[in-house]
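Trainee: If you scroll down you'll find the structure; I have some questions about it.
The values are calculated or read from the model by the stated rules, or taken from the named source; none is laboratory data. Nothing here was measured: the structure is a model prediction, and the numbers come from that model. Quick reminder, even Gly has a Cβ in these numbers, built from the backbone with ideal geometry, and neighbours come from all protein chains shown.
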Number of protein chains: 2
Amino acid sequence: MKNPTLSDVAHSAGVSYATADRVINKRGNVAEKSTRKVRDAMVALGYVRNVAAANLSRKRIYRLAFLLPNGPNAFYDRIRSHLHGLSAHLAKDQISATAIGVDAFAVGGLKSCLSAIADQGFDGVAVVGLQSTELEAPIERLVEQGVHIIGLVSDLPKHLRSAYIGIDNVAAGRTAARLVGVSHGGQSGRIHILAGSTEAHDHADRLAGFYEVIRRDFPNLAVNDPVMTCDDPTVVKAEVEQVVDGSCGITALYNIGAGNGGLIDAMAQLNEAHRPFCVTHELMPDTCHALQHGHIDLVIDQGPDVEVNRALSVLKALIDGRSPLPAPDLVPTIYVRDNLPADPTLAMMKDTSHD
Amino acid sequence: MKNPTLSDVAHSAGVSYATADRVINKRGNVAEKSTRKVRDAMVALGYVRNVAAANLSRKRIYRLAFLLPNGPNAFYDRIRSHLHGLSAHLAKDQISATAIGVDAFAVGGLKSCLSAIADQGFDGVAVVGLQSTELEAPIERLVEQGVHIIGLVSDLPKHLRSAYIGIDNVAAGRTAARLVGVSHGGQSGRIHILAGSTEAHDHADRLAGFYEVIRRDFPNLAVNDPVMTCDDPTVVKAEVEQVVDGSCGITALYNIGAGNGGLIDAMAQLNEAHRPFCVTHELMPDTCHALQHGHIDLVIDQGPDVEVNRALSVLKALIDGRSPLPAPDLVPTIYVRDNLPADPTLAMMKDTSHD
DNA sequence: CTGAAAGCGCTTACAG
DNA sequence: CTGAAAGCGCTTACAG
């Protein structure tokens, strides 16, 4: 019942091990006839290449890079720290994963970073992408070098990457809308929306999804035009305070982007029973705390840790030339105050543990 | 920068390869003095054992078993089919995973199954457990044989297993309660609860969590005593039809167990705008369809595919004697009609694809 | 175009 | 208690 090896195949095909190897690894320089014989033997015996053995003999080390936006951003800090906590573990599987900072969210920064990592011997890179054709040149250069590219959290143009690991932001926005809608229990209301910027594709997607559902299924709810906050907590706070004084009739608040600190500060001053229903994104120490204390109601979390783990295994599969383990698409987790991780700080930090 | 090998360690310790091997693998028969020298060299060089090489030379094959309840159950069918779809993929990593049917949910069936798989050469087994001390004997026997045991979906007594892969059902019940509560928008109401049986620990846990939150945070909501349905759709349907005729003032329905077909049939007859708010568990073709058509509102899904994948990697880590990849606890996904998998039937079935 | 041989980092008899 | 040697399934020069 044990798997046939390459030498079984070679034998059965009547050629040498080296020749069989040449055809299964497409190294060329093999007579048409030999190729055919080997191919036949392969299927006849049901040959399955032993990747572990191949990697051992080749001394393969998976060199991976994660291109993450620089700057003070709790979300990417969490990704960085998870990656860091994983490194000892990954080393045992001959995987090295390096986080590389990219300047701002601007195309220029990403472009130069992509160019800079060429010729550095990376086998795969996960990049927090941008929808810009300007990225075409540097990425194609990498691909020519045999580097595998995937989009992480925010996608690249589809034709430039082999996979996207992240959530469907339109669906996330729709989900937020549904839950906000449901929270009105059939009563009418007015929803106020905050977003980081119109540039950010993920924000635009969430907004589109949100509108779609509210307009279709909740005619009793009015939606204010989104206010841009640049993800700045101070801006968020000022905006929320101004609009929530009671005279505007706001019954729900949806923060599409970051800057939750400001939202939470503003909400904490209100009476829980009378404040608007609040939905935000990403479970962080502050949003977790706010949920526990009833300052906000729902957090839609994309699970950065899981995204990183998934990116890692997809990249490895790509490099090994095989399909990744079948797994369902990533769907964000909805947190309420009742399903929070046992010890929030611990849960956030446990990544830094090693084994 | 490359990792030191065992022969580096042996060299540096001034002993033979074989001796170094004996101490790192605790095979015994080594002089105290040699042991010390090797140990010192190990830490000095920062030796990391290459598991892949070890497995290759040992021709290790991971033989795993999944003990799943028999009988017509869509949930476990889905687990079985996912497992089946994975097998080609797993084979490439020298992993074989066999699903083994266990009679009913009774302790007796599980006990005899656990006894039956002893001496069969399994390295690890994931079992849909039961909280019964009767399982102690057969499990301890397996453990003595070096078999690693984990609980899947439903836990075993803690001291009998190395890990539990599944959701926190109390938290799931609390989440259901929160969302049901929120859906009333501050208005009062009455909630009707259906459960499979009082025996099932997961049902009991969900119920407890549900009560906890409603009682604490939603004094305006009354909760009927749970009705036991034996997870039978016919029973569920009859019960729902009886209670939803309008005269009972039911504003929400929570089905803790299975038998959703009955719930959906009953709901489909009602006007979406006036039917009670409906929450159930597990995304299946029927619940997915019901969500899309507005017959129910929320599905709390534990993600059996992800559970299986996780069980696999935890089992492998256990067998290799290392800690699993750090990953957050499993939290169920909340589905509404707006965040359903792209093609539901496809998504359910894609497991059967091979690579 | 083809083949024989050494080596990847480990384990497993086997002989002292 | 210790060591030399073959072998796991592959890849990589190297020699024809």
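Trainee: Within the range B:4-20, identify whether any single residue is within 14 Å of another protein chain (Cβ to nearest Cβ) and either away from DNA strand D (no atom under 16 Å from the Cβ) or farther than 30 Å from B:GLY121 by Cα (or both), and answer yes or no.
Mentor: The answer is yes; a qualifying residue exists.
Trainee: Return only the number of the condition from (1) surrounded by fewer than 23 Cβ atoms within 10 Å (Cβ to Cβ); (2) within 14 Å of another protein chain (Cβ to nearest Cβ) that B:MET228 does not satisfy.
Mentor: All conditions are met except number (2).
Trainee: Against the definition (within 11 Å of DNA strand C (Cβ to nearest atom), outside any helix (DSSP H, G or I) and polar (S, T, N, Q)), how does A:ASN3 come out, yes or no?
Mentor: For A:ASN3, the condition - within 11 Å of DNA strand C (Cβ to nearest atom), outside any helix (DSSP H, G or I) and polar (S, T, N, Q) - is not met.
Trainee: For the range B:184-211, enumerate the residues that are within 14 Å of chain A (Cβ to nearest Cβ), under 19 Å from B:GLY129 (Cβ atoms) and not hydrophobic (A, V, I, L, M, F, W, C).
Mentor: B:ASP205, B:ARG206
Trainee: Any residue at all in the range B:289-300 that's surrounded by 18 or more Cβ atoms within 10 Å (Cβ to Cβ) and modelled with pLDDT under 90?
Mentor: No, there is no match, as no residue in the range B:289-300 is surrounded by 18 or more Cβ atoms within 10 Å (Cβ to Cβ) and modelled with pLDDT under 90.
Trainee: Now, a different point. Report whether or not B:ILE100 is at pLDDT 90 or above, away from chain A (no Cβ under 12 Å) and in a helix (DSSP H, G or I).
Mentor: no
Trainee: Give me the residue from the range A:50-97 that is within 16 Å of DNA strand D (Cβ to nearest atom), assigned to a helix (DSSP H, G or I) and more than 9 Å from every other protein chain (Cβ to nearest Cβ) and, out of that set, surrounded by the fewest Cβ atoms within 10 Å (Cβ to Cβ).
Mentor: A:ARG58
Trainee: For the range B:174-197, name all the residues that are of a type in the set (D, E, K, R) and assigned to a helix (DSSP H, G or I).
Mentor: Residues satisfying the conditions are B:ARG174, B:ARG178.
Trainee: List the residue pairs whose Cβ atoms are under 9 Å apart, where the first residue sits in the range A:5-34 and is under 22 Å from B:GLN94 (Cβ atoms) and loosely packed, with under 13 Cβ neighbours inside 10 Å, the second is modelled with pLDDT of 80 or more and among the hydroxyl-bearing types (Ser, Thr, Tyr), and the two are 6 or more positions apart or on different chains.
Mentor: A:SER7/A:TYR17
Trainee: Here's something else I'd like to know. I'd like to know if the range A:36-43 contains one or more residues that are part of a helix (DSSP H, G or I), more than 16 Å from DNA strand C (Cβ to nearest atom), more than 14 Å from every other protein chain (Cβ to nearest Cβ) and closer than 30 Å to A:GLU134 by Cα.
Mentor: No, that holds for no residue.
Trainee: Then there is this: Give the residue that is farthest from B:ASP320 (Cα to Cα), with candidates limited to residues of the range B:22-37 that are touching a helix residue (DSSP H, G or I) at 6+ places or on another chain (Cβ under 6 Å) and within 8 Å of DNA strand D (Cβ to nearest atom).
Mentor: Residue satisfying both the conditions and the ranking: B:SER34.
Trainee: Quick test of your reading of the structure: B:THR175 fulfils all but one of (1) surrounded by 19 or more Cβ atoms within 10 Å (Cβ to Cβ); (2) assigned by TED's automatic domain parsing to the domain that holds B:LEU263; (3) touching a Gly at 6+ places or on another chain (Cβ under 7 Å); (4) within 30 Å of A:GLN292 (Cα to Cα). Name the failing condition by number.
Mentor: (3)
Trainee: When you go through B:LEU67, B:LEU45 one by one, which is the residue that is under 15 Å from the mean Cα position of the chain (by Cα) and farther than 21 Å from A:LEU325 by Cα?
Mentor: Answer to the selection: B:LEU67.
Trainee: May I ask you to say which residue of B:LEU253, B:LEU340, B:LEU263 is assigned to a loop (DSSP other than H, G, I, E, B), touching a helix residue (DSSP H, G or I) at 6+ places or on another chain (Cβ under 8 Å) and modelled with pLDDT of 95 or more?
Mentor: The unique qualifying residue is B:LEU340.
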